[in-house]
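A.B. asks: One structure coming up, written as structure tokens, with questions to follow.
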There are 2 protein chains.
Amino acid sequence: MRKAFHEELDKVAEDLVEMTRLAGSAMARATTALLDADVSLAESVIAADAHIDALREELDLKAIDLLARQQPVATDLRMVVTAMRMSADLERMGDLARHVAKVARLRYPKSAVPAEFRSVIVDMGHVAETIVTKAGSVIAARDLDAARAIEREDDAMDDLHRQFFERIASADWSYGTEAAVDMTLVSRYYERFADHAVSVAHRVIFLVTGQYGPDAEGSHEDSEDSPANGH
Amino acid sequence: MRKAFHEELDKVAEDLVEMTRLAGSAMARATTALLDADVSLAESVIAADAHIDALREELDLKAIDLLARQQPVATDLRMVVTAMRMSADLERMGDLARHVAKVARLRYPKSAVPAEFRSVIVDMGHVAETIVTKAGSVIAARDLDAARAIEREDDAMDDLHRQFFERIASADWSYGTEAAVDMTLVSRYYERFADHAVSVAHRVIFLVTGQYGPDAEGSHEDSEDSPANGH
């Protein structure tokens, strides 16, 4: 039975890795749609999110079925519960990519991104793609060092987020409040995307060590020093 | 065993109701702190969030213990898994209240709220308090009609959120971009708070009927027609 259980659990882990791939692709495409004001690319990201949602539902049903049939205890039980939490994080990451795409669609045929912010958006897109790809590797390989390294990517995202807010709130902002609103939300979507990736990595640490990462219970908390959250 | 199981599950439901009470209190106090630029009230909301987090952790450990010891199947199993999802929603609602409090603290001794927005914030605070209180009643009484009525509160919140964004993006905005950023984020925090309350209600519908509410899988989705998300 334990063999069958672990085979099924491996299948769940594969689905989680696939979800990281889809969430990463969604955010990469959403970033391009946003930068290029490409409405058909934006539409495709928005439409594709249903697939991530379906995968999550399927994965969760599989996990519940596994709990019912195999009645796991101890570490095995913890693995199944943790997989369901990861699927929730990854589904939310898909939602956040869709939100970025919707900002692109909203402002089309204009670009939502003032010229001076293109490079920060490019950077945020890169960090998002890197962090979710690493989260996938962490799940696939249960690599603790890689899981801990994800914190550094998240720090990079927080720095970008902070730059964004400092610039938006500066006295010489000249792009109007519509752009300020768009950029505030977009920046927050990227930051939350990275937070959920960190949460996934912390859950892997928990699975392997039995200890939560610093913030792994619940979604990774918004950075305490984020200008958006009160400093 | 089933009797013992249901007694323990009742205790979990009581903890969930307590979490709704704490999240509601946190958001009510955060709203007051924001409106009154009351930094000590804001600090108390920020500090109290750790209690909600601890309650969630305790509840989840209890649920995992219940799975391991009682090995529930079918509806019983579904209830335990759903309780864990509700605790995640409620913990996040506490985080969002804390975020509102942090905006108040950030701008102290100034008020973060331009005078003309006080009434919208008051309304958002009221809807937030009503919706989380209703979510508590829904959990306590498993009242399907009340669960469905929560949608109406959420519609009210979406309307307020939309008003906010239209106003912020209007040509005669005169409060500067810092206020635009603050109000964008605050409005989103309230909207997400309501979304999670809807998610809790949908999960109760699922427990009672076996059918998910329209959006209950995962967190309640941000409203598709929210101006912040692409319309």
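A.B. asks: Say we look at the range B:50-63 and pick out the residues that are farther than 11 Å from residue B:19 by Cβ and either without any contact (Cβ under 8 Å) to a residue 12 or more places away in the chain or acidic (Asp, Glu) (or both); which of these is surrounded by the most Cβ atoms within 10 Å (Cβ to Cβ)?
C.D. replies: Checking each candidate, the answer is B:60.
A.B. asks: A further question follows. Give the number of residues within the range B:1-31 that are over 17 Å from residue B:140 (Cα atoms) and buried (at least 20 other Cβ atoms within 10 Å of the Cβ).
C.D. replies: 5
A.B. asks: Please tell me if residue A:42 is of a type outside the set (D, E, K, R), assigned to a helix (DSSP H, G or I) and closer than 29 Å to residue A:127 by Cβ.
C.D. replies: Against the criterion (of a type outside the set (D, E, K, R), assigned to a helix (DSSP H, G or I) and closer than 29 Å to residue A:127 by Cβ), residue A:42 qualifies.
A.B. asks: I've got another one for you. Going residue by residue through the range A:83-92, is there one that turns out to be at positive phi, away from every other protein chain (no Cβ under 11 Å) and touching a residue at least 60 places away in the same chain (Cβ under 8 Å)? Don't jump to the end; show me each part of the working.
C.D. replies: Residues of the range A:83-92 at positive phi: none.
No, there is no match, as no residue in the range A:83-92 is at positive phi, away from every other protein chain (no Cβ under 11 Å) and touching a residue at least 60 places away in the same chain (Cβ under 8 Å).
A.B. asks: Among the residues of the range A:140-174, which ones are in a helix (DSSP H, G or I) and of a type in the set (Gly, Ala, Ser)?
C.D. replies: To start, the set of residues in the range A:140-174 that are in a helix (DSSP H, G or I) comprises A:140-141, A:144-168.
Passing the criteria: A:140, A:141, A:146, A:147, A:149, A:156.
A.B. asks: Separate question: Criterion first (buried (at least 17 other Cβ atoms within 10 Å of the Cβ), within 20 Å of residue B:202 (Cβ to Cβ), in contact (Cβ under 8 Å) with a residue 12 or more places away in the chain and under 18 Å from the mean Cα position of the chain (by Cα)) does residue B:34 satisfy it?
C.D. replies: Criteria not met by residue B:34.
A.B. asks: Right, something else. Identify, from the list B:113, B:120, B:127, the residue that is under 16 Å from the mean Cα position of the chain (by Cα) and of a type in the set (Val, Ile, Thr).
C.D. replies: After ruling out the rest, the residue left standing is B:127.
A.B. asks: Mind checking whether some residue in the range A:99-107 is more than 10 Å from chain B (Cβ to nearest Cβ) and charged (D, E, K, R)? Lay out the reasoning, then the answer.
C.D. replies: Kept after step one, since they are more than 10 Å from chain B (Cβ to nearest Cβ), are these residues of the range A:99-107: none.
Scanning the range A:99-107, I find no residue that is more than 10 Å from chain B (Cβ to nearest Cβ) and charged (D, E, K, R), so the answer is no.
A.B. asks: Of the residues that sit in the range B:153-197 and are at pLDDT 95 or above and among the aromatic types (Phe, Trp, Tyr), which one is farthest from residue A:95 (Cα to Cα)?
C.D. replies: Selected residue: B:190.
A.B. asks: Same structure, new question: For residue B:79, all conditions in the list (1) modelled with pLDDT of 95 or more; (2) over 15 Å from the mean Cα position of the chain (by Cα); (3) part of a helix (DSSP H, G or I); (4) of a type in the set (A, V, I, L, M, F, W, C) hold save one; what is the number of the exception?
C.D. replies: Every listed condition holds for residue B:79 apart from (1).
A.B. asks: Here are the criteria: (1) of a type in the set (A, V, I, L, M); (2) farther than 17 Å from residue B:96 by Cβ; (3) buried (at least 23 other Cβ atoms within 10 Å of the Cβ). Tell me which single one residue B:149 does not satisfy.
C.D. replies: (3)
A.B. asks: I would also like to ask the following. For the range A:165-195, give me the residue count where each residue is more than 11 Å from residue A:114 (Cβ to Cβ) and touching a residue at least 12 places away in the same chain (Cβ under 8 Å).
C.D. replies: The total comes to 15.
A.B. asks: Let me ask you something else. Among the residues of the range B:8-28, are any within 24 Å of residue B:188 (Cα to Cα), part of a helix (DSSP H, G or I) and among the hydroxyl-bearing types (Ser, Thr, Tyr)?
C.D. replies: yes
A.B. asks: Another question about this same structure. I'd like to verify a number: residues in the range A:63-80 that are more than 7 Å from every other protein chain (Cβ to nearest Cβ) and in contact with a Lys or Arg (Cβ under 9 Å, 6 or more places away or on another chain), how many?
C.D. replies: Matching residues across the range A:63-80 total 3.
A.B. asks: Select from the range A:163-207 the residues that are of a type in the set (Gly, Ala, Ser) and more than 24 Å from residue A:153 (Cβ to Cβ) and list them in ascending order.
C.D. replies: A:169, A:170, A:171, A:174, A:176, A:179, A:180
The values are calculated or read from the model by the stated rules, or taken from the named source; none is laboratory data. Please read all numbers here as calculations on a predicted model, not as lab measurements. In this analysis, Cβ positions are derived from the backbone assuming ideal geometry, glycine residues included, and neighbour counts consider all displayed protein chains.
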